[in-house]
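Q: Supplied in C-alpha cells, the structure appears directly below.
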Ligand SMILES: Cc1cc2nc3c(=O)[nH]c(=O)nc-3n(C[C@H](O)[C@H](O)[C@H](O)COP(=O)(O)O)c2cc1C
C-alpha cells in the first residue's frame, strides 16, 4: 500500500501537492487531472508531510497522518526580519550562569520546537540526553577532563579544573547532548542544525547557552565508551553535539561584538 493517499471526493485538483512533493511522487499530466501517486511511493517517500501541509482541503494523508494531526500556523506571529536579525546578532555564547536550575518544562518547550529543524531527507536522526542537575553536570565534566588530560595544548583547561573551576561547562546547571545512531545519514550536520536551533530558541527565551565543544570531542574520543555508558547510550550511538544551558549569571552585554564582513564570491550571468 502507498504511504500517500488522496481522498478524491475532497480533492480540488489545485496541484499544490504535486508542486511540493520533493520526490515527485504525486504526479498529474494536466491541470484538469486528479493527482496520482507513483507506484513505489511508500518506499521513496521521506515522510516530510509537505503534501498534507499544503492541501487546502485536507484531502491527503501520509501513513494515515492527515490534516487533523498538523498544527495550525499563527501566520500573524511570524517575526519581522529585523527581529530575527537582532536575535542572531545579540545571541551570545554565555559562560556565566546563575545558581538556579532550569525548569524541565522550559527544556521540553524548547526541544518540542527543535523537531521542526531541517534534516537531510527528513531523516530526523537527532535524539537528546538532558543532564539537568548541577552535580551531574560536574560529574560529566569529570569524564571530559579525562580526555583533556591526554591532549597537548589544553594545560590551561586542566589548571582551571584543578582550581575547582568548570572550564568544560562553565558552571551551567544543565547540559543537553544531541546524539544519533553512528551510521545515520548526514547525522553530524543534522545534529549541528538541531543544536543551533535550540541555541537560538534558548536565546529568544532570554536563557543563556553555549556550545559544548570539549564535551563533544571527548564523547567522540577514546573516552566514548565511558561517556556513552554514563549518558545511557549504546555502542551504535554517538554524541554529535552539546549545549550548555542555564539562566544568565552576572553578565550583561552592552553591545554587539564586531564580526568581519562576510567573504563573498558572486556568480552572476
Ligand atoms: C562547534 C562549537 C564548539 C564550541 N565549543 C565551545 C566550548 O567547548 N566552550 C566554550 O566556552 N565555547 C564554545 N563555543 C563557543 C564559541 O567560542 C563562540 O561561538 C565564539 O567565540 C563566538 O562567540 P558568540 O557565540 O558569542 O558569538 C563553541 C562554538 C561552536 C560553534
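The values are calculated or read from the model by the stated rules, or taken from the named source; none is laboratory data. These figures come from a predicted structure and were not determined experimentally. In this analysis, Cβ positions are derived from the backbone assuming ideal geometry, glycine residues included, and neighbour counts consider all displayed protein chains.
Q: Among (1) within 20 Å of the chain's Cα centre (by Cα); (2) closer than 16 Å to residue 137 by Cα, there is one condition residue 229 misses while meeting the rest; what is its number?
A: (1)
Q: Continuing with this model, one more query. List every residue pair whose Cβ atoms lie under 7 Å apart, where the two residues are 6 or more positions apart in sequence or sit on different chains, the first residue falls within the stretch 232-254 and is without any contact (Cβ under 8 Å) to a residue 60 or more places away in the chain, and the second residue, located anywhere, is within 14 Å of the ligand (Cβ to nearest atom).
A: Between residues of the stretch 232-254 that are without any contact (Cβ under 8 Å) to a residue 60 or more places away in the chain and residues that are within 14 Å of the ligand (Cβ to nearest atom), the close pairs are 238/220.
Q: On to the next question. For the stretch 27-35, check the following and say yes or no: at least one residue is surrounded by 12 or more Cβ atoms within 10 Å (Cβ to Cβ), under 26 Å from the mean Cα position of the chain (by Cα) and not in a helix (DSSP H, G or I).
A: No, because not a single residue in the stretch 27-35 is surrounded by 12 or more Cβ atoms within 10 Å (Cβ to Cβ), under 26 Å from the mean Cα position of the chain (by Cα) and not in a helix (DSSP H, G or I).
Q: So, one more: Return the total of residues in the stretch 215-269 being in a helix (DSSP H, G or I) and within 16 Å of the ligand (Cβ to nearest atom).
A: Qualifying residue count, the stretch 215-269: 6.
Q: Being under 26 Å from the mean Cα position of the chain (by Cα), closer than 20 Å to residue 118 by Cα and not assigned by TED's automatic domain parsing to the domain that holds residue 119 is true for just one of 21, 17. Which residue is that?
A: Every option except 21 fails the conditions.
Q: A follow-up question, please. Counting just the residues of the stretch 85-106 that are within 16 Å of the ligand (Cβ to nearest atom) and part of a helix (DSSP H, G or I), which one comes out farthest from residue 247 (Cα to Cα)?
A: The residue in question is 85.
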